[in-house]
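Student: Before I ask anything, let me first share the structure, which is written out below as structure tokens.
Since every read-out is calculated from the coordinates, none of them should be taken as a lab result. Because the structure is a prediction, the values reported are computed rather than measured. FYI the Cβ positions are ideal-geometry reconstructions off the backbone, even for glycines, and counts take in every protein chain you see.
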Amino acid sequence: MKFGVLGSGDVGKTLATGLVKHGHEAMLGSRSSGKLDDWLRENPRVKSGNFAQTAAFGDAVVLAVKGSAAPEALRLAGAENLAAKTIIDATNPIDESAAPVHGVLRFFTETNDSLMERLQREFANAHFVKAFNSVGSDFMVDPQFAGGKPTMFICGNSNEAKQTVAGILDQFGWETADMGRAESARAIEPLCLLWCIPGFLRNEWVHAFKLLH
Ligand SMILES: NC(=O)c1ccc[n+]([C@@H]2O[C@H](COP(=O)([O-])OP(=O)(O)OC[C@H]3O[C@@H](n4cnc5c(N)ncnc54)[C@H](OP(=O)(O)O)[C@@H]3O)[C@@H](O)[C@H]2O)c1
């Protein structure tokens with residue numbers, strides 16, 4: 001498949017190179033041309049463009065921008081370039097104006113709300129699937145843990161879009177736990193808070209979640 005990856009940070013770069021490694025095509029999107037020049041020289045199989053070009057390129061889109069900027073990034077991408085497409089939403093609603101309190105990051109959303117639901121409401125013709133938000137970028141592609149395959153919790157309103165994402169997760173070496181519709185992002189986004197706590201408290205950043213049955 002062709003993926004348009006919106007976001008030039010660690011997550012966007014990691015997922016773009018992971019997708020190419022696993023046989024897909026990827027374009028990485030940024031607002032600033034030139035910013036990625038050195039990285040693109042080292043990763044020549046990844047294409048680059050602005051947000052609109054990147055979204056238009058993809059059969060599916062990856063959203064990997066700063067959480068507070070996600071609506072603006074999608075507006076720049078253009079609703080017409082997102083319509084009917086699977087949007088793999090890796091963002092977290094982190095309030096960057098506040099420092100973590102005893103290791104707990106602050107969100108700008110409340111318990112009965114989530115960033116993905118806000119995005120799904122604004123871009124109603126796109127099919128958002130929450131994924132990749134609850135693990136550090138180092139472990140998103142081909143994670144290796146002594147405890148076995150980690151679990152990626154996903155949710156979204158379109159079963160077809162979730163199947164597409166589960167297929168990518170399978171290729172990347174994850175097991176998928178489908179947690180239901182968009183409202184479940186209220187539970188999946190805060191897994192980011194939990195994942196980060198050992199990091200902020202004890203500088204331990206090497207772990208992932210697993211669901212046991
Ligand atoms: N880092 C991780 O390990 C990790 C793990 C799981 C989930 N996440 C989540 O994944 C997302 C990406 O994280 P990241 O660390 O890779 O990068 P980041 O620093 O959070 O985001 C970088 C991207 O945000 C875009 N951006 C910033 N301000 C913007 C604005 N005002 N309008 C439009 N776009 C804007 C930047 O655009 P330009 O390219 O134009 O500068 C850049 O592409 C975040 O939501 C984060 O919470 C991160």
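Student: To the nearest 0.05, what FRET efficiency results for Glu175 and Lys2 with a Förster distance of 25 Å applied to their C-beta separation?
Tutor: The calculated FRET efficiency here is 0.45.
Student: Neighbouring Cβ atoms within 10 Å as the yardstick, rank Val101, Val135, Val5, Val141 fewest first.
Tutor: Val101, Val141, Val135, Val5
Student: Let me ask something additional. Please list the non-local residues whose amide H lies under 5 Å from the amide H of Val62, H modeled 1.01 Å from N, same-chain partners needing a gap of 5 or more.
Tutor: Amide H neighbours of Val62: Gly4, Val5, Leu6, Ile88.
Student: Further question: With only alpha-carbon atoms counted, please give the Rg and Dmax of the range 98-213, in Å.
Tutor: Considering the range 98-213 through its Cα atoms, Rg and Dmax are 14.6, 42 Å.
Student: Under a 5 Å amide H to amide H cut-off, with H placed in plane at 1.01 Å, what residues pair with Thr176 once short-range neighbours are removed?
Tutor: Met152
Student: Work out, step by step, the length gained on full extension between Leu194 and Ala98: first 0.36 nm times the residue separation, then minus their alpha carbon distance; give nm to one decimal.
Tutor: Result: 32.9 nm gained on full extension.
Student: Measuring from label point to label point, each 7 Å out along Cα→Cβ, what is the Lys35 to Gln163 span in nm?
Tutor: Result: 3.6 nm between the two label points.
Student: By counting other Cβ atoms within 10 Å of each Cβ, how are Phe128, Phe200 ranked from fewest to most?
Tutor: Phe200, Phe128
Student: Something else: Provide, as a two-decimal number, the C-alpha radius of gyration of the chain over 2.2 N^0.38 Å, N being how many residues it has.
Tutor: 0.95
Student: Moving to a separate point now. Near the amide H of Phe128, under 5 Å away, which other amide H atoms are found, from residues 5 or more places off or on another chain, if H is placed in the peptide plane?
Tutor: Amide H neighbours of Phe128: Ile87, Asn157.
Student: ³J(HN,Hα) across the range 95-107 via Karplus (A = 6.51, B = -1.76, C = 1.60, θ = phi - 60°), whole Hz, x for Gly/Pro?
Tutor: 3J(HN,Hα) across the range 95-107, in whole Hz: 7, 7, 7, 10, 7, x, 9, 6, x, 9, 5, 9, 9.
Student: Give, in nm to one decimal, the length gained when the segment between Gln144 and Glu122 is fully stretched (0.36 nm per residue of separation minus the Cα-Cα distance).
Tutor: Between Gln144 and Glu122, full extension yields 4.2 nm more.
Student: With each pseudo-label sitting 7 Å past Cα toward Cβ, what's the Thr111-Arg45 distance in nm, one decimal?
Tutor: Here the answer is 4.6 nm between the modelled labels.
Student: Given R₀ = 30 Å, what would the calculated FRET efficiency be for Ser68 paired with Arg202, taking r from the Cβ atoms and rounding to 0.05?
Tutor: Efficiency at R0 = 30 Å is approximately 0.65.
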